[in-house]
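Here's the structure, in structure tokens; my notes come after.
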Amino acid sequence: MQTEDPRVSDALHDAAEAKNDAYAPYSGFKMGAAVVTDSNAVVKGSLVENISLGLAMCAERVALFSTVANNSGKPEILALVSRRTDGQLTWPCGACLQVAMELGGAELLVVASDGKNTETRQLKELAAHLPHKK
């Protein structure tokens, strides 16, 4: 699925910047994300690892939670930039998809990029059966 939304390129640019700020001393797998909201705010998030793995936080959730913390509006686009996983573009994990569903809803546009190739999907395509509020 391709999109004509001009905000996607801005989100990818900001996600790539956020990737450079990621704290990934254990995995070396740097990830950056950016959320574009209905008020056209762009909120960045970077992966933050911790020696206690359960305390790490994905870039997508950092960006999504920051939209709430900064009262930036409802997420409409979630962009993720990272290297590939097993030769494929890296998409948000289940926890990030669940948070995206809660805050953005099924129509949220999710964009995955490795910095060269980009694919887009609506959240409802990636996570059709996640529980969500009506």
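How big is the Rg/Rh ratio for region 1-59, C-alpha atoms only, Rh by Kirkwood, two decimals? Intermediate results must be reported in sequence, preceding the final value.
Values: Rg = 13.2 Å, Rh = 12.2 Å.
Here the Rg-to-Rh quotient is 1.08.
Return the whole-Å distance between the Cα centroid of region 54-98 and the Cα centroid of region 23-48.
The two parts, judged by their Cα centres, are 6 Å apart.
Out of all DSSP beta bridges in region 7-126, what portion is antiparallel? Express it as a percent rounded to 5.
75
To two decimal places, what compactness ratio does region 65-134 give when its Cα radius of gyration is scaled by 2.2 N^0.38 Å?
Normalised by 2.2 N^0.38 Å, the Cα Rg of region 65-134 equals 1.12.
Using alpha-carbon pairs under 8 Å, 6+ residues apart, how would you state the relative contact order of region 7-126 in percent?
Values: 285 pairs, mean separation 26.7, N = 120.
This gives 22 percent for region 7-126.
May I ask you to derive the FRET efficiency for Asp86 and His13 from their Cβ-Cβ distance with R0 = 25 Å, giving the value to the nearest 0.05? List each step's numbers first, then the result.
Numbers: r = 26 Å, r/R0 = 1.04.
Efficiency, rounded to the nearest 0.05: 0.45.
Which residue fluctuates most in the GNM of the chain (Cα springs below 10 Å): Lys74, Lys116, Lys19?
Largest GNM mean-square fluctuation: Lys116.
Where Rh is the Kirkwood radius over the Cα pairs of region 1-133, the temperature 10 °C and the viscosity 1.306 mPa s, what D in µm²/s does Stokes-Einstein return?
Numbers: Rh = 14.4 Å.
The Stokes-Einstein estimate is 111 µm²/s.
Highest GNM mean-square fluctuation, the chain, Cα pairs closer than 10 Å: which of Val35, Val110, Val48?
The residue with the greatest mean-square fluctuation here is Val48.
Of the peptides 61-71, 85-95, how do they stack up when ordered by the mean number of other Cβ atoms within 10 Å, highest first?
Numbers: 61-71: 18.0, 85-95: 12.8.
Per-residue mean Cβ counts within 10 Å order the peptides as 61-71, 85-95.
Full-extension gain between Leu130 and Val68, please, as 0.36 nm times their residue separation minus the C-alpha to C-alpha distance.
On the way: separation 62, 0.36 × 62 = 22.32 nm, distance 2.06 nm.
In short, 20.3 nm is gained.
Just list whichever of Lys44/Lys134; Lys19/Lys44; Lys44/Lys124; Lys44/Lys116 have alpha carbons separated by over 21 Å in the model shown.
On the way: Lys44/Lys134 27 Å; Lys19/Lys44 9 Å; Lys44/Lys124 23 Å; Lys44/Lys116 19 Å.
Where the Cα-Cα span goes over 21 Å, the pairs concerned are Lys44/Lys134; Lys44/Lys124.
Each value in this text was obtained by applying a stated rule to the coordinates, not by laboratory testing. Because the structure is a prediction, the values reported are computed rather than measured. Neighbour counts are summed over all protein chains in view; Cβ atoms, including those assigned to glycine, are modelled from backbone coordinates with ideal geometry.
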